[in-house]
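Step one of this worksheet: look at the structure below.
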Amino acid sequence: RPTAGVFYTYYERDGIQDRANRPLVISFNGGPGTPSVWMELGYTGPRMLNADDEGYPTEPYGFKENQNSILDVADIVYVDPVNTGYSRTVTPETPKTGFFGVNQDIKYLAEWINTFVTRENRWASPKFLIGESYGTTRVSGLALELQDAQWMYLNGVVLVSPTDLGISRSGPVSDALRLPYFAATAWYHKKLPADLQGKELTTVLPEIEDFTINEYIPALSRGGYLSDDQNKAIAAKVARYSGLSEKVVSDNNLVISYNLFWKELLRDQGYTIGRLDSRYRGIDKQTAGDGPDYNPELTTWLQEFTPAINIYLRNELNYKTDLKYNMFGNVFPWDNKNDHTGENLRQAIAENPYLHLLIQSGYYDGACDYFNAKYSL
């Protein structure tokens, strides 16, 4: 008996005689409670969201052709996990223990992928998984689950803005690894010193990455054993690279939280900055405080993506339903126990010589920042 329905959108390029050599890309988003809309209308699909050059919505809401879609080289299936998009448990009373957790999610989606590949006769095709944010946790775990439980061997996994993938990180390492992201954001908002601001971002970041690994982490590890002069020297460098004042860095014992950074960087201009994309600016009720009132990038994206996906699915793809399309679905409480997805991906790669890995990160992403991904790699 079905316990839930999984909604998906499947694209095949016309005119292909031999699909055995045609790659299949299976795409997931993150959350963990979000559907595949962000990838489908924001990245790889045949249609692209209408937005202005700064990423803000244009009215009337809608979409346009995506000149950079990967449909020219691969067929794509976008999957909405249970309670996201149009996917639902059969009844609200259906036990949710089989869906809402790291390993539960991986297990039922692996079964779903096997069924889909079988029904669509794609076993011969090269197969790739692509996931974004929490979707990177999902596809990292799926890589091994598909091998071990479904006997399906992948050709590649793409991680877009990877999470920690179950890799435990805390203390001085966790505190220090944020700095290169802070520097990239400060560079974008023109808050770095003139000698750094005048350079290309990709020229500036290696210097800051080197400082983070070779000076900042060791300094934070020493804690109270730093001399006053050493403490001041580190504070000065962190301030120089983060765009914050030396006083703010010193007052916070050399450690700047994400929330404080998003609130502090443009405080003198009356703005906060975004979490998922720190190029966006927000306006709080008051300039005081140690964190933003809201995420300006997320409210912008919801404003533009929500009407676009509803228009697209209903009008262009002609899928009619009275269900609400869940941009964020209730998948909580989410079971995070026994998250070994990074190790699972390592094991899958070790076992499968044909499995390739591609990692993509945005310099201005503060939720899954690029240097943490680089450090994990």
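The values are calculated or read from the model by the stated rules, or taken from the named source; none is laboratory data. Remember, predicted model here, so these are calculated numbers, not experimental data. Here the Cβ is made from the backbone with ideal geometry for all residues, glycine too, and neighbour counts use every protein chain on show. Please note that ligands, DNA and RNA were not included when accessible areas were found on the heavy atoms of the full protein model with its side chains. Shrake-Rupley method; radii C 1.70, N 1.55, O 1.52, S 1.80 Å.
Per the 1.4 Å probe, what fraction of the accessible area of the chain, in percent, lies on carbon and sulfur atoms?
Carbon with sulfur: 50 percent of the solvent-accessible area.
Starting at the first residue of segment 360-377, write each ³J(HN,Hα) from the Karplus equation 6.51 cos²θ - 1.76 cosθ + 1.60 with θ = phi - 60°, in whole Hz, x for Gly and Pro.
The phi angles translate into 10, 9, x, 5, 9, 8, x, 7, 10, 6, 5, 6, 4, 5, 5, 5, 4, 5 Hz.
Keeping every protein chain present and rolling a 1.4 Å probe, give me the accessible area per residue for segment 315-355 in Å².
Heavy-atom SASA per residue in segment 315-355 reads 70 Å².
Name the trypsin sites (Lys or Arg not before Pro) in segment 280-316 that are in a loop by DSSP and that have at most 11 other C-beta atoms within 10 Å, would you?
Filter output for segment 280-316: K285.
Under 8 Å for C-alpha pairs, at least 6 residues apart: give me the relative contact order for segment 116-265, rounded to a whole percent.
20
Note down the magnitude of the dipole of the chain about its Cα centre, charges +1 on Lys and Arg C-beta and -1 on Asp and Glu C-beta and zero elsewhere, to the nearest 20 debye.
460
For every helix of n ≥ 4 consecutive DSSP H residues, a contribution of -39,500 (n - 2.57) applies; sum these over the chain, divide by its total residues, and give [θ] at 222 nm rounded to the nearest 500 deg cm²/dmol.
Calculated mean residue ellipticity at 222 nm is -10500 deg cm²/dmol.
Hey, got the dipole for segment 231-327? About the Cα centre, +1 on K and R Cβ, -1 on D and E Cβ, debye to the nearest 20?
180
What distance in nm lies between label points placed 7 Å from Cα along the C-beta direction at A233 and D195?
Those two pseudo-labels are separated by 1.6 nm.
Cα-based Rg of segment 224-306 per 2.2 N^0.38 Å, rounded to two decimals?
Expressed relative to 2.2 N^0.38 Å, the Cα Rg reads 1.28.
Check each of the GluC sites (Glu not before Pro) in segment 82-135 and keep only those in coil by DSSP with at most 15 other C-beta atoms within 10 angstrom; list them in order.
Passing both the DSSP loop test and the Cβ count: E93, E120.
Sort out for me the Cα centre separation of segment 315-330 from segment 69-86, rounded to whole Å.
The distance from the Cα centre of segment 315-330 to that of segment 69-86 comes to 14 Å.
Which chymotrypsin sites (Phe, Trp or Tyr not before Pro) in segment 319-377 sit in a loop by DSSP (not H, G, I, E or B) and have at most 14 other Cβ atoms within 10 Å of their own Cβ?
Y319, F328, Y354
R119 to E12: extension gain in nm, 0.36 nm per residue of separation minus the Cα-Cα distance?
37.1 nm
Using only the heavy atoms of the protein chains and a 1.4 Å probe, how would S245, S140 rank by accessible area, largest first?
S245, S140
Tell me, in nm to one decimal, what length is gained between W151 and E215 on full extension, where the rule is 0.36 nm per residue of separation less the Cα-Cα distance?
18.4 nm
Note the full-extension length gain between T91 and A288 as 0.36 nm times their separation in residues minus their Cα-Cα distance, in nm to one decimal.
66.4 nm is the gain from fully extending T91 to A288.
In Å², and per residue, what accessible area does segment 196-271 have when probed at 1.4 Å with the other protein chains present?
Dividing the accessible area of segment 196-271 by its residue count gives 50 Å².
For helix 102-119, what angle does its Cα long axis make with the longest principal axis of the chain, in degrees from 0 to 90 and rounded to 10?
40
Counting only C-alpha contacts under 8 Å and six or more residues apart, can you give the relative contact order of the chain as a whole percent?
Value for the chain: 24 percent.
What's the FRET efficiency of V73 with R1 using the Cβ-Cβ distance as r and R₀ = 41 Å, to the nearest 0.05?
It comes to 0.55.
Give me P(r) over segment 82-233, computed from all C-alpha to C-alpha distances, binned every 10 Å, as integer percentages.
9, 24, 24, 18, 17, 7, 1
Rolling a 1.4 Å sphere over the protein heavy atoms, what is the accessible area per residue of segment 43-174, to the nearest Å²?
Ligands and nucleic acids excluded, the result is 42 Å² per residue.
Evaluated at 20 °C with a viscosity of 1.002 mPa s, what Stokes-Einstein diffusion coefficient in µm²/s does segment 215-261 have when Rh comes from the Kirkwood expression over alpha-carbon pairs?
Rounded, D is 202 µm²/s.
Given +1 on the Cβ of Lys and Arg, -1 on the Cβ of Asp and Glu, and no further charges, what dipole in debye does segment 1-151 carry about its Cα centre, rounded to the nearest 20?
600
What are the semi-axes of the equivalent ellipsoid for segment 175-257, taken as the square roots of 5 times the Cα gyration tensor eigenvalues, largest first, in whole Å?
Largest first, segment 175-257 gives 21, 13, 10 Å.
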